[in-house]
Amino acid sequence: MRPKNLLFPLSFLPLLVHLLGGPGRASTIEYSFQANPSDIRPPTLGATPLSFVLTWPGFIGPYLRPSNVPTIPFLPIASQQTVSCAGCPSATQVAIVFQRILPGDPLFPPADIIQFNHNHYGYGFWFPAGAFDTLGTTHGLPGFNSTGTLTVREVPEPGTVLLLAAAGCGLACLVQRRAKSVTSTLVPLRSAP
């Protein structure tokens, strides 16, 4: 195979590596949470909305640590670990606690809980079990103290963007080269004498 003909298969190599889960595969997860003051019980916040954005290297679920209650693992997050946090305490204090109530708990049904610490009070926001490990937007469970909205999305890593850009450049070069070869091989029509 001539080097000129190698361009086409090589242009798809970065895309193939990405699709097969190579080093550019996105693995960072962004958690975005918000609660309006009217949705919070007890209503001690006034007009302060609670919200945060947290990026994490994968889903939170596997990072939950055992607690003194075996059926409720948790993960505390300080304010400084978040990308942004409205209503959070100072940077070094625990602002958010991710908790999961596992099946078999004698008091509570399975659920994922975000405890938001604000003004020395922990507001609990209950979500359906598995919400921490599911992409998409989840609304809080009705009937519990406070309701909020949790959005979980995958954030592409820079390597993913670079791989896709390299594949696009390879395809653009291929199209340009083919266009040049077609125009250079055209034979001008002769006019009749």
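Read-outs throughout are calculated quantities, based only on the coordinates presented, and are distinct from any laboratory measurement. No experiment lies behind these values; they were computed from the predicted model shown.
For Cα pairs less than 8 Å apart in space and 6+ apart in sequence, what is the mean separation divided by the residue count of region 28-155, i.e. the relative contact order in percent?
Numbers: 303 pairs, mean separation 32.5, N = 128.
Relative contact order of region 28-155: 25 percent.
Can you give me the long-range amide H partners of residue 67? Hydrogens built in the peptide plane at 1.01 Å from N, cutoff under 5 Å, separation of 5 or more residues or another chain.
For residue 67, whose amide H was placed from the backbone, the distant partners under 5 Å are 72, 74.
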